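Contents: one structure, followed by commentary.
No lab work stands behind these numbers, since they all come straight from the coordinates. As the structure is a prediction and not an experimental result, all values here were calculated from the model. Cβ sites come from the backbone with ideal geometry, for glycine too, and all protein chains shown count toward neighbours.
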């Protein structure tokens, strides 16, 4: 095919004769991701982290300061130290929404990225269990690089290096974990129904034969372990690598609700199309400084991935920089979950008749179809998935959640889709675990479930 034709020489225009693959376009898209992240935070903030929420951030800061004293300000970098209350938290996420929209509109983009980074870090730092996901730290790292985004060769390569680490680490953790499901290529025979929040398409994918699932695992390994090396190859191979990476991320987002994670990864692929501009001016001192910081910190994460001892001072450097989240280690589903356990929370006034609280997105009612909710992330629904992997003793927040149900706390009840006790809270609450699997063609329900244990025996405020 001619070098002037699709896909090798393709340079479509988006009005005003400007190419689509530019740092400015990426910053618009990143601004959109920030907007979704801030708005999603705001919708759930009071119920999760507010004064009467499940994990009140004000109490968290007080406890941290009493234990760590002055070092608490560095270990928990947040503007909320200045005014730790619900109004200040609301001001932060609303300000984040405003500045992210400014970036989307193409105005003051790099200053907007700096503001968004500080605000996002401030909110995630007090998010505790609810804001420690890999996409939260990926947004911080991408947001840090975005402050220095430009069509300069070194800065372009820094974004490609981020994308490389994200993809390659995701593949390596699967191999290094020694998980047999990945080793024998059967991981995807479980993944579609055991992932946190599957979509309706996941149900159909689960029905495909085992040989197809094994081929799909091979495709995952090829894209995560082989393709990333093409991110630094000449233009044609680099564009092929971008296409394969985007294809994998698209399949993932169509079958699972992983918030803005897949969208952000796809947007990062834009840096595989952006070429250096000799007319672009940028400070060499700043460029070299950022490159050194990224190089040192990412080098330390690489050593940790392969269990190689850190050089002298390496642990100290990491200890003082990890809280800033500007360089991170990645890798989802290192060990594939092969059984889906769901926690069903129930209330009762007499200890005999039990009624279930219904969550808006996680499996509960077997006749309700899986949702499509991304890029929004229902944090409580997600955390319930993690809670089911362990016991209530491993999840202190769960008992706080139960306490809020006993109190009938409105901000927490808003995180649910159905409250079976609308007039007054129940006298007793319990939590039962069920094993869930997808049904097959011809069955009316989406899920099949069987009771398999007690997560929390009946308790009362007495």
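The table for this structure:
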| item | result |
| --- | --- |
| Packing-based ranking, highest mean first, of 54-67, 282-295 given that Cβ atoms within 10 Å are counted | 54-67, 282-295 |
| Tensor-based shape of the stretch 264-375 (alpha-carbon gyration tensor, a/c under 1.5 rounded, otherwise prolate or oblate) | prolate |
| Contact order normalised by residue count of the stretch 151-334, Cα under 8 Å, 6+ apart, percent | 36 |
| Acute angle (nearest 10 degrees) that the helix 379-388 long axis makes with the longest principal axis of the chain, alpha-carbon atoms | 70 |
| Convex hull of Cα atoms in the stretch 17-132, direction-averaged projection (nm²) | 7.7 |
| For the stretch 193-241 and the stretch 443-462, distance of Cα centres in Å | 33 |
| Centre separation in Å (Cα based) which lies between the stretch 128-182 and the stretch 357-393 | 25 |
| Shape category assigned to the stretch 260-305 from the gyration tensor of Cα positions, a/c cut at 1.5 | oblate |
| Angle between the chain longest axis and helix 109-125 axis [Cα atoms, degrees, rounded to 10] | 30 |
| Relative packing of 439-452, 402-415, which averages over residues the other C-beta atoms within 10 Å, highest first | 402-415, 439-452 |
| Nearest 10 degrees, 0 to 90: helix 153-176 Cα axis against the chain principal axis | 40 |
| The chain: calculated mean residue ellipticity at 222 nm from DSSP helix runs of at least 4, using -39500 (n - 2.57) | -16000 deg cm²/dmol |
| Relative contact order [Cα under 8 Å, 6+ residues apart], the stretch 340-459, whole percent | 36 |
| The stretch 74-197 shape via C-alpha gyration tensor axes, a/c threshold 1.5 | oblate |
| Fraction of alpha-carbon pairs over 23 Å apart in the stretch 340-459 - percent | 29 |
| Which label in (1) 39, 29, 21; (2) 31, 25, 22; (3) 37, 25, 20 gives the computed semi-axes √(5λ) of the Cα gyration tensor in Å | (1) |
| Relative contact order of the chain, pairs being alpha-carbon contacts under 8 Å that are 6 or more residues apart, as % | 19 |
| At 0.692 mPa s and 37 °C, Stokes diffusion of the stretch 151-334 via Kirkwood alpha-carbon radius, µm² per second | 181 |
| Order of 348, 435 - criterion: other Cβ atoms within 10 Å of each residue's Cβ, fewest first | 435, 348 |
| Residues in the stretch 311-339 reached by a label modelled at residue 71 [backbone nitrogen below 15 Å; 7 Å Cα→Cβ] | 315-323 |
| Protection proxy ranking of 357-365, 27-35 - average other beta-carbon atoms within 10 Å, highest first | 27-35, 357-365 |
| Euclidean distance of C-alpha centroids, the stretch 36-79 and the stretch 282-342, integer Å | 24 |
